[in-house]
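Worksheet: one structure, shown below.
Each reported figure results from applying straightforward, stated rules to the coordinates on display, with no laboratory input. Because the structure is a prediction, the values reported are computed rather than measured. So basically every Cβ, Gly included, is an ideal-geometry build from the backbone, and we count neighbours across all protein chains shown.
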Amino acid sequence: MKTKILPKCLFILSFAILSIILLPLSAFAERGFSSAVNYTVGNIPVSVTSGDFNKDGDLDLAVANVNSSNVSILLGVGDGSFNSAVNYTVGVGNNPQSVTSGDFDKNGNLDLAVTNANSSNVSILLNIELLFIINYRGIFLC
């Protein structure tokens with residue numbers, strides 16, 4: 001009786017091991033991207049970074065726009081989509097080339113650092129909190 005059980009156990013064990021190996025591969029093959037959704041920003045966008053700029057738990061986007069010399073902020077809705085862009089020109093130099101985020105003034109809000117090609121400088125846009133606004137949005141100042 002032991003000889004009949006052993007082959008069945010080996011078969012079940014080998015089937016389980018094979019399933020563990022092949023299941024992730026088939027799941028990976030079925031993954032992909034949805035169709036692109038385009039959002040209007042400034043003229044010639046060259047750099048983008050993400051962060052929760054308005055602290056609502058949803059990722060937002062900041063885009064450096066070369067020819068319009070501004071930064072576009074697109075607030076995330078939370079389902080992978082974004083609201084229309086709001087453009088900030090205050091403090092951004094000529095031809096912003098790159099943008100990144102960090103809490104530079106340690107107030108708990110993500111700020112922006114923008115490199116400017118034609119001005120040969122970096123602009124820091126501080127994200128301040130306006131407590132009197134019911135629908136909280138990040139406001140960037142230089």
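Data for the structure
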quantity: The range 64-78, residues that are out of contact with any Pro (no Cβ under 9 Å at 6 or more places or on another chain), closer than 16 Å to Asn127 by Cα and of a type in the set (Gly, Ala, Ser); calculated: none
quantity: Close pairs from the range 61-82: first on the phi > 0 side of the Ramachandran plot, partner outside any strand (DSSP E or B), Cβ under 7 Å, at least 6 apart; calculated: Ser69/Thr89; Ser69/Val92; Ser69/Asn94; Ser69/Asn95; Gly78/Asp58
